Amino acid sequence: MRVTELYPEGVHHVVLNMREKDKREIYATQWSDEPTMFATEVCRYGTFAFLGHAEDGEPVVCAGAVPRWDGVWVLWMFATDRFEEVAMSAHRFAKKVFFPALDATGWHRLEAHSIHTHDIAHRWLEKLGAYKESEATKYGKGGETFFVYCWTKEPVTTQSQ
């Protein structure tokens, strides 16, 4: 898998070709179901984001993390039906590059919200070390239940005691 920063054409490609389970999950928590609007928003997510490409160069996965406040980040990901081709590489990239880069921020909580029907996402989050913390009933705009997965560790304080 070749990894790049997010770029508009690549993000739009993944959004327009998103897996059905990802579409249901994503659009349940967006104001609009309009793909171009969502892709434009994703491009604004900041520096902790990447685009993964298949062997032939086609963009197949967008993922990243957005800070909520100091020490707390929300992780996100969506992909095309070709994700299986890069799944192992994406997992290695997450473990060897992405999470270590996040560690440098001093996080004490990472969380991901996943619609209750997205079993593929739940398994991958657990393989990455997340645990299902809770259920958020009626969380989606259509009343869908979401699971909150998270990683936690003790906060690092830089203040003198």
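Each reported figure results from applying straightforward, stated rules to the coordinates on display, with no laboratory input. Every value quoted in this text rests on a predicted model; they were computed, and no experiment measured them. Here the Cβ is made from the backbone with ideal geometry for all residues, glycine too, and neighbour counts use every protein chain on show.
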- Message: Checking the cross-link filter: which aspartates and glutamates have an alpha carbon closer than 14 Å to that of residue 138, excluding same-chain neighbours under 8 positions apart?
- Response: 25
- From the cross-link list 127/153; 21/153; 96/153; 23/127, the entries with a Cα-Cα span beyond 27 Å are 21/153
- Note on the structure: Calc'd 3J(HN,Hα), region 98-108, phi into Karplus 6.51 cos²θ - 1.76 cosθ + 1.60 (θ = phi - 60°), Hz, glycine/Pro = x, comes to 5, 5, x, 5, 5, 4, 5, 7, x, 4, 10
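Kindly provide the helix-only [θ] at 222 nm of the chain, computed as the sum of -39,500 (n - 2.57) over DSSP H runs of four or more divided by all residues, to the nearest 500 deg cm²/dmol? Numbers along the way, then the final one.
Numbers: 6 runs with 46 residues, N = 161.
Calculated from helices alone, the mean residue ellipticity at 222 nm is -7500 deg cm²/dmol.
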- Task: Taking the Cβ of residue 58 as the centre, find all other residues whose Cβ is under 13 Å away and add up their charges (Lys, Arg: +1; Asp, Glu: -1).
- Result: -3
- Message: Please rank 123, 109, fewest neighbouring Cβ atoms within 10 Å first, as an exposure proxy.
- Response: 123, 109
- Mind jotting down the three principal axis lengths of region 55-100 based on Cα atoms? Whole angstrom, largest first. 38, 20, 15
- Among the aspartates and glutamates, select those whose C-alpha is under 18 Å from the C-alpha of residue 95, and discard any that sit fewer than 8 residues away in the same chain. 5, 84, 85, 103, 111, 126
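Cβ under 9 Å from residue 72's Cβ, residue 72 left aside: what net charge do those residues give with Lys, Arg +1 and Asp, Glu -1?
Working: positive: 68, 109; negative: 70, 111.
Net charge around residue 72: 0.
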- Query: Average projected area of the Cα convex hull of the chain, in nm²?
  - Reply: 9.7 nm²
